[in-house]
Amino acid sequence: MEITTRSLLTLMHGVGFGALYLMACSGALVELYRRYGAHNAAPPSTRDEVFLRTYLTAMAIVAWLAVLTGAYIIYPWYRAAPPSGTVDLAAFPQRLLLASPSTSGWHSIGMEWKEHVAWMAPICITMAAAVEFQYGHHLKSYPQLRNAILRFVWISLLAAAVAGFFGAMINKNAPVEGGTTIHLVQGGRP
Amino acid sequence: MSPTASRNDSGVPTGGGAAAVLAAGIGSFLVAVFALLADKFAAIKSTMIFYRPTGPLSGVTTCALAAWLATWFILHARWRNRSVALAPVSTAALVLLILGVLLTFPPIADLF
């Protein structure tokens, strides 16, 4: 069982950070709704506040790691230009996708959307974390502010879902490969 | 936009929260605007190449993030001790965020 360093880093970007962020979004939405909702008469405890601050800060860090690794580590491999005369485009995912009408849309729509919309997720969640730090349990007194945060977290979930979906499909059609091969486990004889 | 002062229950001014929300809306919208400009104008596209392996995306996102943080800083400095009407600010921010999402969708961006 082997994996290349580029595959491993792409996996860390997509699953380690991207998918983790998507899963964390549902937790943030539930917590923001449950703790600061008008239906909840009891004010959130200090422990609750510390938990939510830590949770949102961790989400913001994960979101920034996802977009920064995507833009500055994975994307350069994805968009690398092949030397003239190259026939085998397997090591040049963008060119491989554009070479066929049946896959070119994954780049011209999928990647073109993903590479920009993904940045809205860390912006939104950083704002949510900052407001939680600033207001804490006082958020309960500001339903409009709480609702604004909830909507921004919903849209950050949508943005991350778009990026995640297209990232997975692009990597399925034209995987980012290359680099050193890492041997994980020695397989048995067939 | 000229937000009007509003009363609040807890005594904590709403300005800081309003500044963060509006800046996030503006920042998200600017990601789309810079991307659109880089896509439509070759001169801007080449100017946006801050890091060659990443191409124009590096400049587009760096400029949008810088503008977002600058907007947040300025709005926060102006509003932090004020109670700002949250309804118009959060509505404007949400509209900007949704526009940002839509304008980054290539079939819509290609209409311009």
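The table below gives the values:
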read-out: Within region A:136-154, tally of residues that are over 17 Å from B:ALA23 (Cα atoms) and within 7 Å of another protein chain (Cβ to nearest Cβ); value: 3
read-out: Among the candidates B:PHE29, B:PHE112, residue that is of a type in the set (Phe, Trp, Tyr) and farther than 24 Å from A:ASN147 by Cβ; value: B:PHE112
read-out: Total residues in region B:12-25, condition more than 7 Å from chain A (Cβ to nearest Cβ) and surrounded by fewer than 24 Cβ atoms within 10 Å (Cβ to Cβ); value: 2
read-out: Residue match in region B:43-52 (condition: of a type in the set (Ser, Thr, Tyr) and within 24 Å of A:ARG151 (Cβ to Cβ)); value: no
read-out: Helices (runs of 4 or more DSSP H) wholly inside region B:12-112 that include at least 3 residues being farther than 26 Å from A:ILE74 by Cα; value: B:15-40, B:56-79, B:86-103
read-out: Selection from region B:70-83 of residues that are facing chain A (nearest Cβ under 10 Å) and either closer than 20 Å to B:LEU97 by Cβ or aromatic (Phe, Trp, Tyr) (or both); value: B:TRP72, B:HIS76
read-out: All positions within region A:1-57 that are in a loop (DSSP other than H, G, I, E, B) and closer than 30 Å to A:ASN173 by Cα; value: A:MET1
read-out: Which listed residue is touching a residue at least 24 places away in the same chain (Cβ under 8 Å) and more than 20 Å from the chain's Cα centre (by Cα), from A:THR103, A:THR86, A:THR57; value: A:THR103
read-out: Pair list, Cβ under 7 Å, 6 or more apart: region B:46-61 residue touching a residue at least 24 places away in the same chain (Cβ under 8 Å) and within 20 Å of A:ALA121 (Cα to Cα), other residue part of a loop (DSSP other than H, G, I, E, B) and β-branched (Val, Ile, Thr); value: B:GLY59/B:ILE49
read-out: Any pair with Cβ under 7 angstrom, 6 or more apart, that starts in region A:122-133 at a residue that is within 7 Å of chain B (Cβ to nearest Cβ) and ends at one that is in a helix (DSSP H, G or I) and aromatic (Phe, Trp, Tyr); value: A:ILE123/B:TRP68; A:CYS124/A:PHE152; A:MET127/A:PHE152
read-out: Cβ-Cβ under 6 Å pairs, at least 6 apart or on other chains, region B:85-112 side more than 7 Å from every other protein chain (Cβ to nearest Cβ) and over 18 Å from A:LEU157 (Cβ atoms), far side exposed (fewer than 13 other Cβ atoms within 10 Å of the Cβ) and among the polar types (S, T, N, Q); value: B:ALA85/B:THR4
read-out: Extreme residue, surrounded by the most Cβ atoms within 10 Å (Cβ to Cβ), among residues of region A:132-169 that are more than 23 Å from A:GLU49 (Cβ to Cβ) and touching a Lys or Arg at 6+ places or on another chain (Cβ under 8 Å); value: A:ALA163
read-out: Qualifying residue in region A:34-43 (condition: buried (at least 17 other Cβ atoms within 10 Å of the Cβ) and more than 20 Å from the chain's Cα centre (by Cα)); value: yes
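Taken together, the values in this text are just the output of simple stated rules run on the coordinates, not laboratory data. Please read all numbers here as calculations on a predicted model, not as lab measurements. Note that each Cβ is placed from the backbone with ideal geometry, even for glycine, and that neighbours are counted across all protein chains shown.
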